[in-house]
Amino acid sequence: MLTVLHTLICPEADIEHCAEMYFRGGMPGVEASGTGFSLPDNVLLSADTFYNGLSVGKWKSLGTINSLSLMLRVRGQLVLELWHHAADGASSCLQTHEFEEPQARTHVLPVSEWSGMAEGMLFLRLKGKKQAVVEQLCFATDAPPLMQPKLGVVITHFNRVAYVTRSIARVRQALLSDPRYQQVIDFIVVDNSDTLDPTELKGAQIIPNQNYGGSGGFARGLLYLKDQNTYTHCLFMDDDISCEVESIRRAYAVLSYSPDPKIGLAGVLLDAQKPWSVQEKGAEFHQGLFRPLHQNEEVRSVSSLLALEKDKGNPVYGGWWFFAFRLDAVDYYPFPFFVRGDDALFGLINRFNVFTLNGIACFSDHFLSKETAFTRYLGFRASLAVFLMEDGGSVTAALKLLSASFLWCALSYRYQSAKAITLALRDVSKGVSFWRRTLTYPPSLKEIGREQSRAEEAAYFTAHPFVEKAGSESRFRKMARAATLNGHLLPDAFMRKAPVYVGEYTPGLLSSVFLRQRVIYRKYETQSVFEEQLNRKTFWDNVWAFAWHAVWFAVRFRALAREYRVNAKQLCSEHFWRSVYAQKKP
């Protein structure tokens, strides 16, 4: 019996994509029946792409797939070639097959070369000759799976009713119409806003929940899966993520063949605005910071795809946009961060062995496009707490991490973001008891002014060209900026009244805003803008507040670090979350 590992796909409707992530040379036509695709006559299509190329090294690394076959169901006339790209760039044709089938017929073609392969990419080239239709085309194995996972897909939802209803319906319809998955994959939606109608999400288990953020929602999902006593694996997914259904199928295949009890399968996160651009493919923890791996690499060229599958850094976690693991590998539940940082710490303290694979991915708006003063508060308090829990380094390293970001925000007139960083420092300094007291919406967010951004039409950005990169700067000007705290020590007479238009993450940002009274910022990869103005009183209020809390943090650092190392993981226990939800284990 063959088990399907990897099916060739065309892009789904409503999914962000570019053609080169699926086929080169053109795009097959989607059959009206929804099953398979048609090939244009006499056009060579190559599938050495992100979604359709098979990564030999990653599948081989599981150590349990000792055979491979091509399984296809076709009708009409076509030519199929099996090729291999080696890691060094050399390419070779392994097999050629011609088909002439008046009626649809299934073929199984052994890939005898599989046993001698260790790396690179297997892929197909297809050329239609006459009315060629491919109903199924996949790589499969007759090696028996190590297990048949019972997978619970846990999605935490908050006030995205239309989006999550549409997305789950799409995924469930495509996935669970396949008999292979009907009894082994379930969807569990933890509804933190209590706004979902179960009749509109038929087949999914809806769990109304108090809003303890993503941390509480995913913890609630874990408790549910454990209490059912039938699930073996869990897949965490956010409610604002889109993915190809094939990503879930491939994840299920990986989990079926993985002998590693600590596997943590992390989906690649791609940029919804630039689908070929990687935001993160695993992340490492280094000197108190989580760093995304493969950031800004692209997935269109063959050389990039081969490089993406090479080990890089020391990945310790996968984001909860797509993260699958065995339930019996969970030693710690999520820490009650509300949002931001919970997925990173979950992966780190559970010591998952992070596994990524080209073709298992999802799309989301870029991290930077979502950054506001609110998210900076949430992100920095999580980063600092993890720094203390995991012995990230000295007090100097911790304050360096915070002060650099504080000054970058304060000197560019984004005073609410600077204040947010100070509040994060203040709240983490309160110790572990702070987190136990603030499980719901963080009260400190009420102290931060909400960003007043507005959407603009394309014509606005033509009329007001935004600075993409600061120009070269003389040594004298750099010294003047430093000596005057980027203009905050200069009188208004030195400041230009006309605003400067600049991207929020423009290289050389502080130089661009120097000697300007007003700044119009463009949000990253969006058509939204917001305005900030130089305000010396607010600047100094921020500086003194940050300095005060930094000194207090430094004085308490050793005691704080010890408290977090000893006591923080109590809030990551199953017992803690059962007490929060007042549940007793069945």
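The values are calculated or read from the model by the stated rules, or taken from the named source; none is laboratory data. Predicted model, so just to flag it, every value in this text is computed and none were measured. Ideal geometry is used to build each Cβ from the backbone, glycine not excepted, and the neighbour counts take in all protein chains shown. Areas reflect the complete protein model, heavy atoms only, side chains present, ligands, DNA and RNA absent. Shrake-Rupley method; radii C 1.70, N 1.55, O 1.52, S 1.80 Å.
Of note:
- The magnitude of the dipole of segment 151-364, with charges of +1 and -1 set on the Cβ of Lys/Arg and Asp/Glu and taken from the Cα centre, is near 280 debye.
- Pairwise label distance in nanometres, T64 with Y332, each label 7 Å out on the Cα-Cβ vector: 2.7 nm
- Translational diffusion coefficient of segment 339-388 (Stokes-Einstein, Kirkwood radius from Cα pairs, 20 °C, 1.002 mPa s): 166 µm²/s.
- Surface analysis of segment 1-116 yields an accessible area of 44 Å² per residue, using protein heavy atoms and a 1.4 Å probe.
- Selected from A283, L534, W114, residue furthest toward positive end of dipole (the chain; charges at beta carbon): L534
- Segment 425-467: trypsin sites (Lys or Arg not before Pro) falling in loop per DSSP and having at most 11 other Cβ within 10 Å: R450
- Shape call, segment 401-527: gyration tensor on alpha carbons, a/c limit 1.5: oblate
- With a simple spin-label model that places each label point 7 Å from the Cα along the Cα-to-Cβ direction, the separation between D227 and L289 comes to 4.2 nm.
- Amide H contacts for G264 (H built 1.01 Å from N in the peptide plane; partners 5 or more residues away or on another chain; cut-off under 5 Å): N353, V354, F355.
- Links that overshoot a 31 Å alpha carbon limit, given the list K400/K569; K312/K446; K281/K569; K497/K523: K312/K446
- Spin-label pair T199/E12, simplified geometry with 7 Å Cα→Cβ offset, distance in nm: 2.6 nm
- Computed from the C-alpha gyration tensor, the three semi-axes of the ellipsoid equivalent to the chain are 46, 30, 22 Å, from longest to shortest.
- The chain - Cys residues lacking any other Cys C-beta under 4.7 Å: C10, C18, C93, C138, C234, C409, C572
- Cα-derived Rg to Rh of segment 125-245, Kirkwood definition: 1.08
- Fraction of accessible area attributable to carbon and sulfur, the chain (%, probe 1.4 Å): 52 percent
- Label-zone membership for segment 370-411, site Y163, 7 angstrom Cα→C-beta point, backbone N under 16 Å: 370-372, 375
- Over segment 370-538, accessible surface divided per residue gives 46 Å², non-protein components excluded, 1.4 Å probe.
- The sum of -39500 (n - 2.57) across all DSSP H runs of n ≥ 4, divided by the residue count of the chain, sets its helix-only mean residue ellipticity at 222 nm to -9500 deg cm²/dmol.
- Whole-number D in µm²/s for segment 256-372 (Stokes-Einstein; Kirkwood sum over Cα pairs; 20 °C, 1.002 mPa s): 146 µm²/s
- In Å², nearest 10: area of E309 left accessible to a 1.4 Å probe: 30 Å²
- Given charges at beta-carbon only (K, R positive; D, E negative), |dipole| of the chain in Debye: 2260 debye
- Centre separation in Å (Cα based) which lies between segment 334-354 and segment 389-430: 21 Å
- The relative contact order of the chain comes to 12 percent, based on Cα pairs under 8 Å that sit 6 or more residues apart.
- Computed from the Kirkwood radius of its Cα pairs, the Stokes-Einstein diffusion coefficient for segment 389-466 at 4 °C and 1.567 mPa s stands at 84 µm²/s.
- Estimated FRET transfer efficiency (D142, T35; beta-carbon r; R0 35 Å; 0.05): 0.90
- Note on F557: accessible area is roughly 30 Å² with a 1.4 Å probe, heavy atoms of protein only.
- Computed from the C-beta positions of F494 and H464, the FRET efficiency with R₀ = 30 Å rounds to 0.80.
- With q set to 0.12, 0.23, 0.28, 0.29 Å⁻¹, the log10 of I(q)/I(0) for segment 200-255, from the Debye formula over equal scatterers at the Cα positions, is -0.36, -1.23, -1.30, -1.29.
- Reduced Cα scattering model of segment 33-177, Debye log10 I(q)/I(0), q = 0.18 Å⁻¹: -1.13
- Helical segments meeting 27 Å axial Cα length and Kyte-Doolittle 1.0 threshold in the chain (DSSP H): none
- Between D178 and A86, the C-beta separation translates, for a Förster distance of 45 Å, into a calculated FRET efficiency of about 0.85.
- Here segment 374-391 is scanned for amide nitrogen atoms under 20 Å from the site 7 Å beyond the Cα of T440 along Cα-to-Cβ, giving 378.
- Accessible surface of S193, taken over heavy atoms with a 1.4 Å probe and every protein chain present, rounds to 20 Å².
- Accessible surface, per residue, of segment 151-364 when the full set of protein chains is kept, probe 1.4 Å, Å²: 33 Å²
- Segment 500-579 and segment 244-297 have their alpha-carbon centroids 27 Å apart.
- Evaluated over the Cα positions of segment 151-364, the convex hull gives a direction-averaged projected area, one quarter of its surface, of 11.5 nm².
- Segment 147-206 and segment 21-81 have Cα centres separated by 28 Å.
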